[in-house]
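In what follows, a single structure is set out as structure tokens and then discussed.
The values are calculated or read from the model by the stated rules, or taken from the named source; none is laboratory data. For clarity, every value in this text was computed on a predicted model and none was experimentally measured. Every residue, glycine among them, receives a Cβ derived from its backbone with ideal geometry; neighbour counts consider all protein chains shown.
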Amino acid sequence: MAAESRLTADEVLALVPQQRPFRFVDELLSIDAHHAVGRYTFRVDEPFYEGHFPGTPITPGVILFESMCQTGPVALGLYLISLEVPHDELGQWRAFFTDGTVEFFGMVLPGDTVTNYATLIFWRRNRLRARVEMKAADGQVVARCEVAGMAVRRG
């Protein structure tokens, strides 16, 4: 791997292109070449709660999956690219989700905090696959997925 220094978790999070209201990672607790751990608290005023389901809102599964992907293919992918390209070129790269499968085991309600644990399966030719497990604050598994992504240089 060509790059000499490694990014901190805060530096990787700053490179994640999604922003509020569509960023579902508040902080990266840790990141290295094999793992990423991200945490997010679903605020009670998130715009999607108004219509999902009125009176008894729950977090849509697609939003939970997005949170998992932002920790896995996006943050972990950006970290891995940072090990291969000069740091002054990192702003020219994007990492994103390409495909995956997900299973849900519980609900996430307004105000709940979840932690995503991403583990690298492989990284080659700027493509990655990772397993991501989302856990509630009490340690219960909410969702589990296997996702793929890729890093591309913006034209």
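Computed quantities for the displayed model
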{"item": "Residues within the range 95-132 that are among the charged types (D, E, K, R), more than 18 Å from GLY77 (Cβ to Cβ) and crowded, with 17+ Cβ neighbours inside 10 Å, tallied", "result": "1"}
{"item": "Condition met for ALA75 (within 15 Å of the chain's Cα centre (by Cα), farther than 17 Å from ARG131 by Cα and assigned to a helix (DSSP H, G or I))", "result": "no"}
{"item": "Residue within the range 16-36 that is surrounded by 17 or more Cβ atoms within 10 Å (Cβ to Cβ) and either farther than 21 Å from VAL147 by Cβ or at pLDDT below 95 (or both) present", "result": "yes"}
{"item": "Which numbered condition MET68 misses (of (1) modelled with pLDDT of 95 or more; (2) assigned to a strand (DSSP E or B))", "result": "(2)"}
{"item": "Meets criteria (part of a strand (DSSP E or B) and among the hydroxyl-bearing types (Ser, Thr, Tyr)) for TYR40", "result": "yes"}
{"item": "Checklist (1) within 21 Å of LEU28 (Cα to Cα); (2) of a type in the set (Gly, Ala, Ser); (3) in a strand (DSSP E or B) applied to GLY91, failing item", "result": "(3)"}
{"item": "Segments classed as strands (runs of 3 or more DSSP E), wholly inside the range 103-155, with at least 1 members that are of a type in the set (S, T, N, Q) and modelled with pLDDT of 95 or more", "result": "113-124"}
{"item": "Residues within the range 90-102 that are among the charged types (D, E, K, R) and at pLDDT below 95, tallied", "result": "1"}
{"item": "Filtered residues of the range 73-88 (kept if in contact (Cβ under 8 Å) with a residue 24 or more places away in the chain, more than 14 Å from PHE24 (Cβ to Cβ) and not hydrophobic (A, V, I, L, M, F, W, C))", "result": "GLY77, TYR79, SER82, GLU84, PRO86, HIS87"}
{"item": "Cross-chain or 6+ apart pairs with Cβ under 6 Å, the range 116-138 first and of a type in the set (Phe, Trp, Tyr), then surrounded by 14 or more Cβ atoms within 10 Å (Cβ to Cβ) and not in a strand (DSSP E or B)", "result": "TRP123/LEU80"}
{"item": "When residues of the range 133-143 are limited to those that are out of contact with any helix residue (DSSP H, G or I) (no Cβ under 9 Å at 6 or more places or on another chain) and surrounded by 16 or more Cβ atoms within 10 Å (Cβ to Cβ), the one nearest to GLN70 (Cα to Cα)", "result": "LYS135"}
{"item": "Failed condition for THR98, given (1) assigned to a loop (DSSP other than H, G, I, E, B); (2) in contact with a Pro (Cβ under 8 Å, 6 or more places away or on another chain)", "result": "(1)"}
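This table checks each residue for (1) more than 23 Å from THR113 (Cβ to Cβ); (2) in contact (Cβ under 8 Å) with a residue 60 or more places away in the chain; (3) of a type in the set (S, T, N, Q).
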| site | (1), (2), (3) |
| --- | --- |
| ARG6 | yes, yes, no |
| ARG39 | no, yes, no |
| PRO47 | no, no, no |
| PRO60 | no, no, no |
| THR71 | no, yes, yes |
| GLY91 | yes, yes, no |
